[in-house]
Every structure is written in structure tokens, then in C-alpha cells.
Amino acid sequence: MTRSTEDGVRRTRRVTLADVARRAGVDKAVVSRVVNGDPRLNIRDETRARVHAALKELDYRPNAAARSLRTARTGTVGLFIPDFANPVYAEIITGAEAAAATRDCALMVGSSTAGGGARGYLDLLGPGRVDGLLLAGGAITDEEQAMLADRGLPWLFVNRRGRTSGRHVILDDGLAARMAVEHLLELGHRRIAHVGGPAGADTAFRRREGYAAALRAGGLEEDPRLIVQGDYGPGGGAQAVHRLLEGPERPTAVFVANVTSAIGVLSALQAHGLEVPGEVSVVAVHDLPLAEHLVPPLTTVRMPLQALGARATELLLSVPADHPVEEVVRDPIELVVRRSTAPPS
């Protein structure tokens, strides 16, 4: 709303509950309870509709600071990731931010690259700065888990499982790996290498299990010489390929645990003079817009990363901190075939 001052300048003032109440023809307390979603409020449907219409017409925006004092909530959700450079986390952030916004919350994101790891991020947050915390990467110790419990702060692991905690939301990484390897088997490949994720990473473990399960289903046994671990980045993928090609017989196909690692895999194969897919096929978990612009365009298994971020946020804000959460976001998972895979020559 605007008002004129003595100097003739029109200034904007905040729309109040009283303004909305006058427009809707109800008491201010009724408007307050509608805004706050009070389930005990018993009013006629047309009255509620009139209040919502007035809120929209006047573009009422709640005073976040005042609300946090009344409700002891900050209206903020924290999200901790390992690295902003990994585009996979951008998808998770997008989903989490959208879900938080529907609940009038903001998303605050931090990473382990800032120094101090999870402990530094927890110390930075301090008491009362967020209503809950999503942990999407990096190691968290038993001591840090105890710190969260002492604060009574709801938290969830996102696409990882803790050693002792029963609070996580994950993707079906095993299924994604099986789909990737089954695609290579159907093309006729039998020497299928695996460029895995870092040792100790729960996602890397689950993808390795899916790789092994698909080989067994195809009548093949794992060959330890065809399995190399690396970090989830282009450098890790490139180093893994160099180690793979030191063996006496190169693979005809490579299943890569992460799309960003696959960038390094493609680059290293080219550096060794190997044509993709003419001499080596490549498929990776996760699909991002960049995948179709690689040379050659990369075959991937598309995962519901945004849905993962959104579902984790919903559960974080709705399930009490002392209740277990063990959920798998399965849909949609689909194979996206591009030009990096073909039958063995």
C-alpha cells in the first residue's frame, strides 16, 4: 500500500493483517489464523475464500522476523553438499529449494570446500538458525550426529546412508547401475569395466553392487582388473581410465558411476587414441544437460535428482527429529541412449 508524506512523495508501507481484515470484513485474529494455517479454525468456506482473496488483492507478505519470534521457527532449511562444482548437486538444490518455497522457507546451502567440513558448517549454523538440515555429501562423524541430536535439530541424509542412523532418503542407485550394464550386455559387450566412486561413498557402494548383479544375471563374473575407483569428478574419471588401460587387455565398454567422472573418461580415452563408441562404449549414471553436448553425446541413466531434493525437504519439515526415515525415491529412472554406446567392433 502507498501513502503520501509531507514532502509529497508517495511511499510504500507494509500491508498489515488489519488491512486484510478490513478488506475481507472479518476480525484480524481470523486473518492471522488463516495465514498460519490453524487447523482448529472453524469458519465458513466462503469466509475463508474471502480472506484468501483479500490476501491476494493486497499482496500481503508475512513479516518473517515477527513470525519466527512467535513460532520459534526460522523459516530456513540448511543443505550441506561436498562441492558446488559438481552439477549433480545443482539438481538436488533446485528440487529442495522449490519444496522449501512451498512451505514459506528459504534454503541455505554450504559445502565442504569452504573448510571445516560438516563440523564447520554445523558450527556456523549455530543454534536456532535453521529449522532442519539436509546432509547430501561429505563425511559426518558420530560426534557430529550426537551434536545434531543434542540440539533437537531435524536432519536427514540425502542419497547416502549413515552407519548407525535410520534417517535417509536415497535413490535406487543399484537399479540405475543394472540398467546401464544391461544396456551394454544387450549390445554384446562382455569385457565391461567399472569406473566407480570414491571408497567409502554409499552411492559408490550401491552402484558397484548393481554392476556386479547385472554381470551375474548376464552369466559373467567380476574381473577385479576391470574395476577402478576414483572421485566424482573429471580428474578422477581420467585417472581411472589410465589405470584401466595399463592392463593386458582393454575393456570394450565402461560403466561410469557418475556423469561428471564420465567427462574425464571420454577425454582420457581420446588421449589414448581410442574411438568412442567404435572401440570403447561409455555409459554413466545421472543425466544432465551437458551430457548431450559431449563428444560423442553420452548415454546415461537419468535419475530423479530434483524429486530427491524435494522429497528430502518435505520429510525433513514434516517428520519429527526422533522418528526414523528410510525412503527410496525410485521414479522416474530411465536409460537415455545417445552415441557413446554401440555393439563391440
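The values are calculated or read from the model by the stated rules, or taken from the named source; none is laboratory data. A quick note: this is a predicted structure, and the numbers were derived from the prediction, not measured. Neighbour counts are summed over all protein chains in view; Cβ atoms, including those assigned to glycine, are modelled from backbone coordinates with ideal geometry.
Quick look at the numbers
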| quantity | calculated |
| --- | --- |
| Pairs with Cβ under 7 Å, 6+ apart, first in region 26-51 and without any contact (Cβ under 8 Å) to a residue 40 or more places away in the chain and within 20 Å of ASP104 (Cα to Cα), second surrounded by 13 or more Cβ atoms within 10 Å (Cβ to Cβ) and acidic (Asp, Glu) | none |
| Looking only at region 163-197, and only at residues there that are of a type in the set (D, E, K, R) and modelled with pLDDT under 95, the one that is farthest from SER281 (Cα to Cα) | ARG167 |
| Candidate set: region 43-63, residues that are of a type in the set (A, V, I, L, M, F, W, C) and part of a loop (DSSP other than H, G, I, E, B); chosen: the one surrounded by the fewest Cβ atoms within 10 Å (Cβ to Cβ) | ILE43 |
| Failed item in (1) surrounded by 19 or more Cβ atoms within 10 Å (Cβ to Cβ); (2) out of contact with any Phe, Trp or Tyr (no Cβ under 9 Å at 6 or more places or on another chain); (3) at pLDDT 95 or above; (4) in the same structural domain as HIS183 (by TED's automatic domain parsing), with LEU274 passing the rest | (1) |
| Lone unmet requirement of (1) over 27 Å from ARG243 (Cβ atoms); (2) surrounded by 13 or more Cβ atoms within 10 Å (Cβ to Cβ); (3) modelled with pLDDT under 95; (4) not acidic (Asp, Glu) for LEU288 | (1) |
| So TYR211, is it among the aromatic types (Phe, Trp, Tyr) and over 24 Å from ALA342 (Cβ atoms) | no |
| Of all residues in region 219-230 being out of contact with any strand residue (DSSP E or B) (no Cβ under 9 Å at 6 or more places or on another chain) and part of a loop (DSSP other than H, G, I, E, B), the one that is modelled with the lowest pLDDT | GLU221 |
| Residue match in region 282-300 (condition: in contact with a strand residue (DSSP E or B) (Cβ under 6 Å, 6 or more places away or on another chain), small (Gly, Ala, Ser), assigned by TED's automatic domain parsing to the domain that holds TYR232 and in contact (Cβ under 8 Å) with a residue 40 or more places away in the chain) | yes |
| Test: residue in region 315-333 that is outside the structural domain of SER281 (by TED's automatic domain parsing), within 13 Å of the chain's Cα centre (by Cα) and assigned to a helix (DSSP H, G or I) | no |
| Which numbered condition THR203 misses (of (1) at pLDDT 95 or above; (2) not in a loop (DSSP other than H, G, I, E, B); (3) not aliphatic (A, V, I, L, M)) | (1) |
